1. R0 = 22 Å: FRET efficiency of Glu77 with Arg203, Cβ-based, nearest 0.05?
2. What is the extension gain from Ser60 to Asn40, computed as 0.36 nm multiplied by their sequence separation minus the C-alpha to C-alpha distance, in nm to one decimal?
3. So in segment 28-209, what percent of DSSP beta bridges are antiparallel if you round to the nearest 5?
4. When the dipole is taken about the Cα centre of segment 28-209, and only Lys, Arg (+1) and Asp, Glu (-1) are charged at their Cβ, what size is it in debye, to the nearest 20?
5. Under a plain spin-label model, where a point goes 7 Å from the Cα along Cα-to-Cβ, how far apart in nm are Ala189 and Asn96?
Amino acid sequence: MKTITLKKTLTFMIVITTALSQMGCSSTEQFKPAAGNNFNGSRQSIARYVTPELLLIMESLGLQVNEGNTPPTINGEFLASELLLYASNVPNDVLNIAFADTYFTLQNQNNLYLTTSVSYTTKNGTETALGTATVISGSGNKFTVFAKQNITNDEGTADGILVISGALFPNGITDFQFSLFMLDNHGVADFIANQQGRLFYDRDNLATRQ
């Protein structure tokens, strides 16, 4: 198995991690709701949130961005039983590499402000990150969650964004996608370049509700 990372290389590990922050601090990543973000789920507000340039890059890699201000309520825990690297614009990445099981928890959804809270947990350790703002868009049973992150490692700090996308059904999230992109690496050479990122999907196309 390998590690999900916003560093330049994907390294061998037992678990899946973000590599957006210092290693070994926690088994759970926490992402808090956004406040005062003026987010309304439209394409324009999504573009403001992630930048117009990065939104186009996300979609060019195959990320399904679900617009709208009536997303389904997705509170709950979901298991991505095996994630595969589907697409990347990071040089030398190898596609279809398998990653370890990961539990995603979504809670405290507020459809008035289109905010939510996100965390994910791996079975055998992780890196930690601080989420500064989490918003949700979508309509019907389709949704997309955007979670900004402040990242710190021994080399410096960076700003990244995590995205979860799919369609909610009683048994879980189908067409499940999970991605990590760099907003601003603040010149830290250890991180991937700005607007680079990696897109992952579940092998059986379903993150199962727990």
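1. For Glu77 and Arg203, the calculated efficiency is 0.70.
2. 4.9 nm
3. The antiparallel fraction comes to roughly 95 percent.
4. In total the dipole reaches around 560 debye.
5. With each label point 7 Å from Cα toward Cβ, the separation is 3.5 nm.
Any read-out appearing in this document is the output of simple, stated calculations on the displayed coordinates, not a laboratory observation. Just so it is clear, the structure is predicted and the values come from calculations on it, not from any experiment. When we count neighbours, we look across all protein chains shown, and the Cβ atoms used for this are built from the backbone with ideal geometry, even at glycine.
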